[in-house]
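Structure first, commentary second.
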Amino acid sequence: MTQPVIGIPCCRWWLKDSHFFHLAGEKYIHAALAAGGIPLLIPALGDASQIAQILTTLDGLLLTGSQSNIEPQHYHGKLLEGDFNDPQRDATTLPLIRAAVALDIPVFGICRGAQEMNVAFGGTLEQAVHQQTGMLDHREKDGSTDEMYEEAHDIQLIAGGLLEQLYGQSTARVNSLHHQGVAKLADKLQAEALAPDGLIEAFSVKNAAFALAVQWHPEWKFQNNPLSLALLAGFGTACKKRHLARMLSN
């Protein structure tokens, strides 16, 4: 059997000499490969009219982290001075997520990708978690890249949830490189894991074939992390099932 195709939406950034680039971090491409898929980068064209055709080629959707934030207008937030946004990624991913879930295409969201999934279904974001009373500072540590991605805090997995079923344990320790997070979880979603301060660290879409999002970065050195391997294996299995069904229907 051929391998499933896993779409990875790109960011659109102004990088050099007045040119825009559509790009995705290589670590996410390797994660898609580890899930057993063929990565397919989706440019951030911001054109919802092409989404239906794009989805006919996909067996999974991997939503990456990014340095950019979702424009707050999408969840009735306030525009912050100096905020780095990517409006064309928003215009691409938000309708893409809703359409993929409606078609039971497996979706796996990471960091910004998790926030996109919540916003896509009507949830809201806390724009500076570390400024809220009683909350941890979830931002990355200063130092080398390895130090930034060090394990930062524990999470408690929700009993009986998809994440606990995939991992087989009730607690885990994860990295943390974000300053925004879930404020109100969309009604269509359900929590899968919580940080010690109560912040939702993972959630899934209710009654979906596979639609899971995590706030940490499981793609970072996944080869050495049992939780990351379990997440990629679960996503990969769902993508292969979708691929087989798609091939049989052609």
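Of note, residue 64 does not satisfy the criterion of being open to solvent by 10 Å² or more (accessible area, probe 1.4 Å) and not aromatic (Phe, Trp, Tyr).
For the range 177-199: of the residues being open to solvent by 30 Å² or more (accessible area, probe 1.4 Å) and aliphatic (A, V, I, L, M), which is farthest from residue 108 (Cα to Cα)? Looking at the filtered set, the residue picked out is 183. Screening the range 1-47 for residues that are of a type in the set (Val, Ile, Thr) and assigned to a strand (DSSP E or B) and picking the one that is surrounded by the most Cβ atoms within 10 Å (Cβ to Cβ) gives 6. Restricted to the range 73-89, and to residues there that are part of a helix (DSSP H, G or I) and under 22 Å from residue 138 (Cβ atoms), the residue that is nearest to the chain's Cα centre (by Cα) is 89. Take the conditions (1) crowded, with 21+ Cβ neighbours inside 10 Å; (2) within 19 Å of residue 29 (Cβ to Cβ); residue 174 misses just one of them, which is (2). Would you check which residues across the range 52-68 are closer than 28 Å to residue 183 by Cα and touching a Leu at 6+ places or on another chain (Cβ under 8 Å) and list them? Residues satisfying the conditions are 61, 65.
Look at the range 48-61 and say how many of its residues are in a loop (DSSP other than H, G, I, E, B), open to solvent by 50 Å² or more (accessible area, probe 1.4 Å) and in contact (Cβ under 8 Å) with a residue 24 or more places away in the chain. Selection size over the range 48-61: 1.
The values are calculated or read from the model by the stated rules, or taken from the named source; none is laboratory data. What you see is a predicted model; the values in this text were computed from it and never measured. Every residue, glycine as well, gets a Cβ built from its backbone with ideal geometry; the counts of neighbours run over all protein chains shown. We work out accessible area using only protein heavy atoms, side chains counted, and drop any ligands, DNA or RNA first. Shrake-Rupley method; radii C 1.70, N 1.55, O 1.52, S 1.80 Å.
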